[in-house]
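*Asks:* First the structure, which I've put down as structure tokens, then a few questions once you've had a look.
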Amino acid sequence: MAALDGDPRYRAALARECNLLVAENVQKPHALWRGPTTYDFTHTDRLAQFAHDHGQTLRGHTLLWHQSVPRWLQEHENDYSSEALRELLQAYVTAVVRRYRGVITVWDVINEAVEDGETPGLRPESFWYRKLGPDYIAPLFHWAQAADPSARLYYNDYEAEAIGPKSDAIYRLVQDLLARGVPIHGVGLQGHLENGWRLEETHRANVRRLAALGLEWQITEADVRMPLNGAPPTESALAAQADAYGDLLELCLTEPGCQGFVTWGVTDAYSWIPGFRPGWGASLLLDEDFRPKPAYFAIAEALNND
Ligand code: G3I
């Protein structure tokens, strides 16, 4: 939001390049949920207004995430019984989804609930798992659907693009939710990639098995990071990045069920990568001066040919 408020080049790029917007941070629980039944919609309302003014739709990110538990809740967790917490959570989910009914068309209902590693289950250390038990996910989808029956409701995660232990665990989770009649419509594959990534049969097989369950899917947070160590990106690194982005979009355009392709930011001037992975960066489609990179043209060409 700081860039949206303070940088006219950023506003112009967002208006020009996108037809779907996602808040990077202001829509997470720690930002919206300010007290037991106190919610702060200021930033999301402004984003919704921007989207409306520019004919764009909004993705909601995210109703629940173990990394975004409001501080007041962490500090007072022992003041609430699990039943009281469940009621507060239901009220929160209902209030947020209802407020943006018909405006936010797709919700990441739950983000990154599955562990990493060789035998991943649900993250047992998650606040909500600890407080509500292992079946804390299903009710979220029911509450969200009741609040906006037309919203598409997603499970969203990282490093789940290829077949492997994590995507297998996610597959089992969503399969189980579907079997129990839980209103889940899709899976978000974040797509935080490292330069050199190429599309392989394993990625196709992974999204095909989701589609075979009747689910849709989206690429929800694409970026392709590269090592920089203070130097500008080389031409060959930018060409490899263009290949990676082009491949990821090809997955979306050629396999069944893909309902969206979202990058996690628009310009290298504002990206989470350098802060979280020092020495790495240049991960988006516009460079730090908002000039289109080879990856931008690869995406544009693939979309024009579609
Ligand atoms: O705005 C404050 C600033 O005032 C303060 O000086 C500074 C010092 O720590 O922090 C700034 O806030 C940071 C914020 O990003 C804005 O830059 C937070 O500390 C930092 O935790 C926050 O990181 C975000 C992260 O999620 C955690 O919420 C990243 O921007 C955001 O890109 C990242 O997004 C996640 C998705 O939600 C889920 N998938 C992975 C993805 C990347 O990690």
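*Asks:* Which residues' amide hydrogens lie under 5 Å from the amide hydrogen of residue 40, considering only partners 5 or more residues apart or on another chain, with H built in the peptide plane?
*Replies:* Those lying under 5 Å, H to H, from residue 40 are 33, 34.
*Asks:* Among DSSP bridges having both ends in region 191-306, what percentage is antiparallel? Round to the nearest 5.
*Replies:* Counting only bridges with both partners in region 191-306, antiparallel ones make up about 30 percent.
*Asks:* For the chain, what is the accessible area per residue in Å², given a 1.4 Å probe and the full set of protein chains?
*Replies:* It amounts to 44 Å² per residue over the chain.
*Asks:* What is the distance in Å between the Cα centroid of region 42-103 and that of region 116-178?
*Replies:* 17
*Asks:* Could you calculate the contour length gain from residue 91 to residue 16, that is, 0.36 nm times the residue separation minus the distance between their Cα atoms, to one decimal place in nm?
*Replies:* Length gained between residue 91 and residue 16: 23.4 nm.
*Asks:* Here is a follow-up. I need the peptides 23-29, 107-113 ranked by packing, meaning the mean over residues of other C-beta atoms within 10 angstrom, with the highest value on top.
*Replies:* By packing density, highest mean first, the sequence is 107-113, 23-29.
*Asks:* Something else now. What number does the chain give for Rg over Rh if you use C-alpha atoms and the Kirkwood radius? Walk me through the numbers before you get to the answer.
*Replies:* Details: Rg = 19.2 Å, Rh = 20.1 Å.
My calculation puts Rg/Rh at 0.96.
*Asks:* Now a separate question. Computed FRET efficiency, Cβ-Cβ of residue 71 and residue 234, R0 35 Å: what is it to the nearest 0.05?
*Replies:* It comes out at approximately 0.25.
*Asks:* Take every Cα pair under 8 Å in the chain that's 6+ residues apart, average their separations, divide by the length, and report that relative contact order as a whole percent.
*Replies:* Values: 524 pairs, mean separation 39.1, N = 306.
For the chain, the relative contact order is 13 percent.
*Asks:* Follow-up. Give me the net charge for the shell around residue 205: Cβ to Cβ below 13 angstrom, other residues only, Lys and Arg +1, Asp and Glu -1.
*Replies:* Taking every other residue near residue 205 into account, the sum is -2.
*Asks:* Another one. Under the Cβ-under-4.7 Å rule, which cysteines of the chain stay unpaired?
*Replies:* Result for the chain is 18, no neighbouring Cys Cβ within the cutoff.
*Asks:* Right, another one. Quick check of the Kirkwood formula: for region 168-215, what is the inverse mean of 1/r over all pairs of different Cα atoms, in Å?
*Replies:* Here the Kirkwood hydrodynamic radius works out to 12.0 Å.
*Asks:* Still on this structure: Length gain on complete extension for the stretch residue 289 to residue 180, per 0.36 nm per residue less the alpha carbon to alpha carbon distance?
*Replies:* Length difference between fully extended and current span is 34.3 nm.
*Asks:* Using a simple charge model, +1 on the beta-carbon of Lys and Arg, -1 on the beta-carbon of Asp and Glu, nothing else, what dipole does the chain show about its Cα centre, in debye to the nearest 20?
*Replies:* 780
*Asks:* Of 177, 91, 240, which is farthest along the charge dipole of the chain in the positive direction, counting Lys and Arg as +1 and Asp and Glu as -1 at C-beta?
*Replies:* The Cα lying farthest towards the positive end belongs to 91.
*Asks:* In addition: Could you give the length gained by full extension between residue 9 and residue 98, i.e. 0.36 nm per residue of separation minus their alpha carbon distance, to one decimal place?
*Replies:* Separation in residues times 0.36 nm, less the Cα-Cα distance, equals 28.8 nm.
*Asks:* Over region 191-306, what lengths in whole Å, largest first, do the semi-axes of the equivalent ellipsoid take, defined as the square roots of 5 times the eigenvalues of the alpha-carbon gyration tensor?
*Replies:* 26, 14, 12
*Asks:* While we're on this one: Suppose every K and R has +1 on its Cβ and every D and E has -1 on its Cβ; what is the size of the dipole of region 191-306 about the Cα centre, in Debye to the nearest 20?
*Replies:* 260
The values are calculated or read from the model by the stated rules, or taken from the named source; none is laboratory data. Only a predicted model underlies this, so the values are computations on that prediction, with no experimental measurement involved. No Cβ is skipped: glycine too gets one built from the backbone with ideal geometry, and neighbour counts run over all protein chains shown. Quick note on the areas: whole protein, heavy atoms, side chains included, nothing else; ligands and nucleic acids left out. Shrake-Rupley method; radii C 1.70, N 1.55, O 1.52, S 1.80 Å.
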